[in-house]
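Taking it in order: structure first as structure tokens, then the write-up.
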Amino acid sequence: MRTRFLTSINRVAAAQWNALNATQTPFLRHEFLAALEDTGCVGESTGWIPHHLLLEDDSGELRGAAPLFLKTHSWGEFVFDWSWARAYTQAGLEYYPKLVSMTPFTPATSSRLLVAPGTDEAATRRALAEAIIGHAQQHSLSSAHAIFVTDCDRDVLRDSGFMLRQDCQFHWHNRNFASFEEFLATFRADKRKKALRERRRVREGGVTYRTLSGADITDSLWDVIFEFSARTFAMHGNEHYLNAAFFKTLSRVLPDAVMVKLAMLQDTPIATAIFFRSHDTLYGRYWGAAANFDSLHFETCYFQGIEYCIEQGLQHFEPGTQGEHKVARGFEPATTWSAHWIADPRFRRAIDSYLREERDAIDQYAANVRDHVPFRKDMELPALVPGNPEP
């Protein structure tokens, strides 16, 4: 096996790269990563410099790969290591640049160590993990990080020398519901009444919804939708990670991976939620509104998404990071993982100690939140998967 590092995803054929994406997660598709590059959302000017890893056999066949970026900051990762960077600076060391394996601006779990069909999966994943570390060592980088990793990748990365970091999101799971009403029937009476009241307030306000795929959205409508989303970022003092050109491009190259809920008041758009989808999962990503409307956020971002999943037969709904308010709407705690390799042994020991304590705290937090899910006591919910998967 030999390794190559690419400065653009466009330097590998789309069919070759996509053949490694067994689950067809939209965020790992060549078209998604290329759209980020082609519209200027990633590149040297944004601090996300493509550095994708390819693993090839002697005949040049692609056997494995990893979406990889050279990062000059920690924005857009959703797993925060700012304090590690400050500690490096205080010690007179350089933390940036660092290597990061993930889809930029996307806090969704998916494979980072991609393997071709028919290839020895365990050996290929190990080779990819070791290649990432070796590249970081060769170029005297402070660290390498794989963020929002699957369980298979997590275990390989841990065994290769990465330290594990645990976090908690809130996900919805479809228990073969025939309708939204059947889903709400699993709620306790008081929680069910609250959810129905929130939905009723939106309807009584005269708000209706259009469900749009990428193919349904014109460039001019994308300008309207993007402006809503950009307004949310501006309210928090930030610029949008993406741009309208990215969404327009993605609608053309991956129309079935895009879903937008557009809230209408009479014939005027007033709010939107931008989603992505795979064959079994809906991913909530961006939201925005023209003004404040009672319960509009909950309806647009959560209840409309759940209803869509039930109608489409999707099994999971990941609405994004943070937000304990999601729990009252039927979302449950879910463990997420990232893996971190630190070059300096002194910082490695300190960070490892911190991560072990943090995992215990995250486990306790998730258990406490689970006590507040809205479901009836007679509902049989899957047990919480604990953290600390140490050998």
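What follows is calculated from the coordinates using simple rules that are stated; it is not laboratory data. On a predicted model such as this, the values are computed, not experimentally measured, just so you know. For neighbour counting, all protein chains shown are included, and Cβ atoms are generated from backbone atoms with ideal geometry for every residue, glycine included.
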Select one label from [x] 0.99; [y] 1.11; [z] 0.97: the one whose number is Rg/Rh (Cα atoms, Kirkwood Rh) as derived from the coordinates shown. [z]
Taking every DSSP bridge whose two residues both lie in the chain, the antiparallel percent to the nearest 5 is 90
For each of Met259, Met102, count neighbouring Cβ atoms within 10 Å of the residue's Cβ, then give the residues from fewest to most. Met259, Met102
The alpha-carbon center of the range 308-380 and that of the range 1-61 are separated, in whole Å, by 28
Across the chain, how many lysine pairs, 8 or more apart or on two chains, come within less than 20 Å at their alpha-carbon atoms? 10
What are the ³J(HN,Hα) couplings of the range 82-88, residue after residue, when phi is run through the Karplus curve with 6.51, -1.76, 1.60 and θ = phi - 60°? Round to Hz, x for glycine and proline. 4, 5, 5, 5, 5, 5, 4
If you build a Gaussian network model of the chain, linking Cα atoms that sit under 10 Å apart, which residue out of Glu121, Glu324, Glu204 swings the most? Glu204
On a 0 to 90° scale, report how tilted helix 345-370 is relative to the longest principal axis of the chain, with both axes built from alpha carbons and the result rounded to the nearest 10. 20
Could you tally the net charge around Ala343, taking each other residue with its Cβ under 12 Å from the Cβ of Ala343, Lys/Arg +1 and Asp/Glu -1? +1
Using Cα pairs closer than 8 Å and at least 6 residues apart in sequence, work out the relative contact order for the chain, in percent. 19
To make sure I understand, if each residue's beta carbon is the centre and we count other beta carbons within 10 Å, what order do Asp57, Asp38 fall in, fewest to most? Asp57, Asp38
Which whole-number percent gives the relative contact order of the range 264-391, counting Cα pairs below 8 Å spaced six or more residues apart? 20
Through the Karplus equation 6.51 cos²θ - 1.76 cosθ + 1.60, θ set to phi - 60°, convert the phi angles of the range 12-19 into ³J(HN,Hα) values in whole Hz; use x for Gly and Pro. 10, 5, 4, 5, 5, 5, 5, 5
